[in-house]
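Input: a single structure, listed below in structure tokens.
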Amino acid sequence: MSAFMLGALLAVGVLIIMGLARVWLGPTIFDRLIAVALVSVNGVVIIVLLGFYFERPVFFLDIALGYALLAFLVPIALGRYFEGTGHR
């Protein structure tokens, strides 16, 4: 594994840990939803990096694209739901 790939995976891993801490400690539901979106985006980045590491970027990019669509829609839908119910 190249030094760049290892550094990128470690940096994204640290960002995921920080996002999960915000999900756990977030004072409001909306802070937690934004943190879930952050973790999802970082998950997409890890999938893409693994695609390049295993030298199959096309296969992994398709998976990352599907996951990115879900990662985009789920926090928006949940945010609209919680906005209507009055949760804080």
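Look at G84 and say whether it is free of Cβ contacts under 8 Å to residues at least 60 places away in the same chain and within 20 Å of T28 (Cβ to Cβ). Here the answer is yes, as G84 does meet what is asked. Selection of region 7-28 for residues being in contact (Cβ under 8 Å) with a residue 40 or more places away in the chain and either of a type in the set (A, V, I, L, M) or crowded, with 16+ Cβ neighbours inside 10 Å (or both) yields A8, L9. Elements of the type helices (runs of 4 or more DSSP H) sitting completely within the chain and holding at least 3 residues that are at pLDDT below 90 and in contact with a Gly (Cβ under 9 Å, 6 or more places away or on another chain): these cover 29-53, 57-85.
Residues checked against (1) surrounded by 15 or more Cβ atoms within 10 Å (Cβ to Cβ); (2) touching a strand residue (DSSP E or B) at 6+ places or on another chain (Cβ under 6 Å); (3) in contact (Cβ under 8 Å) with a residue 24 or more places away in the chain:
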| position | (1), (2), (3) |
| --- | --- |
| M5 | no, no, yes |
| F30 | yes, no, yes |
| Y53 | yes, no, yes |
| D62 | no, no, no |
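The values are calculated or read from the model by the stated rules, or taken from the named source; none is laboratory data. Bear in mind the structure is a predicted one, so any value in this text is a computation, not a measurement. Don't worry about glycine lacking a Cβ; one is built from the backbone with ideal geometry, like all the others, and counts go over all protein chains shown.
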